[in-house]
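Novice: Submitted below is the structure of interest, expressed as structure tokens.
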Amino acid sequence: MSAIIYINGQLLPEAEAKISVFDHGLLYGDGVFEGIRVYNSKVFLLKEHIERLYEGAAAIRLEIPLSPEKMTIAVNETVAANHIDGGYVRLVVTRGAGALGLDISRTSHPQVIIIAANISLYPDDIYKNGMKLITAKTIRNHPQALNPRVKSLNYLNNILAKIEGADAGTVEALMLNHEGNVAECTGDNIFIVKDGVLKTPSGEAGALMGITREAVIQLARKANIPVEEPTITCNDIYAADECFLTGTAAEVVPVICLDDKQIGNGKPGEMTQKLLKLFREFIATGEETLLSPK
Ligand code: PMP
């Protein structure tokens, strides 16, 4: 069935939803996006995703041509128009069409595109038995090159790292920052558990401020699990008791091996499973926003 796409205020059949070949989103990766889950016909943590979208847009001096309130309505309308019960929303804002060249003053009409679709997930087996990871040679963007907090349309270094993973037979890959410390994976945040403490790289280390990451941190704190954001190295992961990834599509995925080195006992860890359970319970509550303000 053809999808109904929101594009600049209109809901159009997929074949009619078009943007210019001069759009700087296409020409230069100039824009921002969000990936959002739909559970039980409700858009999950939409407020948080919209906040991150507008913050990212502001950071690249991209003025989104509608208010966050109108954007919220547009997302909900697109999900309803496509009768999505469980799925995924891709929200994209491009710089708009302009002259060839990087000058943003010669572009106009940023394009707002909303796609509501089904979602492809990691195979079930990974949740039961855990995922293997490799460390990619491609590093995360230097924060002074492109702030990792901005979920920009330019994902090439993540794509290159993901290719390295695929070449090595893994579905995800670990990315280090310019200092050689752990930042995150190509499309997921990473956590380790050591001696009962949950640890994850900070934004300064090159991690995207994942919405799932934040939800898991809050759920852990509520369950009296200590959470820290220290510098983490590959060695810390090799020596961890447990490791897992978080992301909108992934939710909470156990990791059992990095670079052929077994983590913990080589099985999904207890705290990982507890946090996955808490996260799924949180989804089931139908809460619209995170537990406490950031
Ligand atoms: N890091 C990167 C690079 C991502 O693209 C994503 C989203 N796929 C994440 C982390 C996870 O963020 P979220 O929980 O908001 O999906």
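The values are calculated or read from the model by the stated rules, or taken from the named source; none is laboratory data. Keep in mind the model is a prediction, meaning the values are calculated, not measured. So basically every Cβ, Gly included, is an ideal-geometry build from the backbone, and we count neighbours across all protein chains shown. Just the protein is used for accessible areas: all its heavy atoms, side chains included, with ligands, DNA and RNA removed. Shrake-Rupley method; radii C 1.70, N 1.55, O 1.52, S 1.80 Å.
Novice: Mind checking which aspartates and glutamates have their C-alpha under 20 Å from Lys267, skipping anything on the same chain fewer than 8 residues away?
Specialist: Output for Lys267: Asp124, Asp125, Glu172, Asp188, Asp195, Asp236, Asp241, Glu242, Glu251, Asp259.
Novice: Distances longer than 14 Å among the Cα atoms of segment 242-294: what percent of all pairs is that?
Specialist: Distances greater than 14 Å cover 59 percent of the Cα pairs.
Novice: Right, another one. At 7 Å along the Cα-to-beta-carbon direction for both Leu102 and Phe22, put a label point, then send me their distance in nm to one decimal.
Specialist: If labels sit at Leu102 and Phe22, their model points lie 2.1 nm apart.
Novice: Do any of Lys70/Lys151; Lys132/Lys277; Lys137/Lys277; Lys128/Lys222; Lys47/Lys137 go past 23 Å between their Cα atoms, and which?
Specialist: Lys137/Lys277; Lys128/Lys222; Lys47/Lys137
Novice: Let me ask something else about it. Tell me the Kirkwood radius of segment 4-117: reciprocal of the mean inverse pair distance over distinct alpha-carbon atoms, in Å.
Specialist: When all Cα pairs of segment 4-117 are included, the Kirkwood radius is 14.3 Å.
Novice: For Arg140, Arg106, Arg280, give the ranking by accessible area with the largest first, probe 1.4 Å.
Specialist: Arg106, Arg280, Arg140
Novice: Which listed residue (Pro254, Ile60, Leu153) has the Cα farthest towards the positive end of the charge dipole for the chain, taking +1 on Lys and Arg C-beta and -1 on Asp and Glu C-beta about the Cα centre?
Specialist: About the Cα centre, the residue reaching furthest to the positive side is Ile60.
Novice: Another question, then. Counting just the Cα atoms, what span does segment 124-285 cover along each of its three principal axes? Round to the nearest Å and put the largest first.
Specialist: 37, 30, 27
Novice: Hey, how many Å between the Cα centroid of segment 135-206 and the Cα centroid of segment 230-278?
Specialist: Cα centres, segment 135-206 to segment 230-278: 14 Å.
Novice: What whole-number volume per residue, in cubic angstrom, does the convex hull of the C-alpha atoms of the chain give?
Specialist: Looking at the chain, the number lands at 133 Å³ per residue.
Novice: Which order do Leu66, Leu26, Leu91 take when ranked by solvent-accessible area (1.4 Å probe, heavy atoms of all protein chains), largest first?
Specialist: Listed by decreasing accessible area, they come as Leu26, Leu66, Leu91.
Novice: Under a 1.4 angstrom probe, counting protein chains only, how are Ser41, Ser152 ranked by accessible area, largest first?
Specialist: Greatest to least solvent exposure: Ser41, Ser152.
Novice: When the accessible area of segment 4-117 is split by element with a 1.4 Å probe, what percent falls to carbon and sulfur?
Specialist: It is 57 percent, rounded to a whole number.
Novice: Further question: Mind putting a number on the dipole of segment 87-167 about its Cα centre? Charges go on the C-beta only, +1 for Lys and Arg and -1 for Asp and Glu, and I need it in Debye to the nearest 20.
Specialist: The dipole magnitude comes to about 220 debye.
Novice: Round to the nearest 10 and give me the degree value, 0 to 90, for the angle of helix 68-81's Cα axis relative to the longest principal axis of the chain.
Specialist: That works out to roughly 90 degrees.
Novice: Quote the charge dipole size of the chain about the Cα centre in Debye, to the nearest 20; the model charges only the Cβ of Lys and Arg (+1) and of Asp and Glu (-1).
Specialist: 160 debye
Novice: Per-residue accessible area for Tyr127 at 1.4 Å probe radius, Å² rounded to 10?
Specialist: Solvent-accessible area, nearest 10 Å²: 40 Å².
Novice: So if I place +1 on the C-beta of Lys and Arg and -1 on the C-beta of Asp and Glu, and nothing else carries charge, what would the dipole magnitude of segment 4-117 be about its Cα centre? I want it in debye, nearest 20.
Specialist: Result for segment 4-117 is approximately 60 debye, rounded to the nearest 20.
Novice: For segment 147-273, which whole-number percentage of the solvent-accessible area (1.4 Å probe, protein heavy atoms only) is attributable to carbon and sulfur atoms?
Specialist: For segment 147-273, the apolar C and S fraction of the accessible surface comes to 48 percent.
Novice: Taking only protein heavy atoms and a 1.4 Å probe, what accessible area per residue, in Å², does segment 124-200 have with all protein chains in place?
Specialist: I get 46 Å² per residue for segment 124-200.
Novice: Additional query: Placing +1 on the Cβ of each Lys and Arg and -1 on the Cβ of each Asp and Glu in the chain, which of Gly266, Asn40, Leu278 has its Cα farthest towards the positive end of the resulting dipole?
Specialist: It is Asn40.
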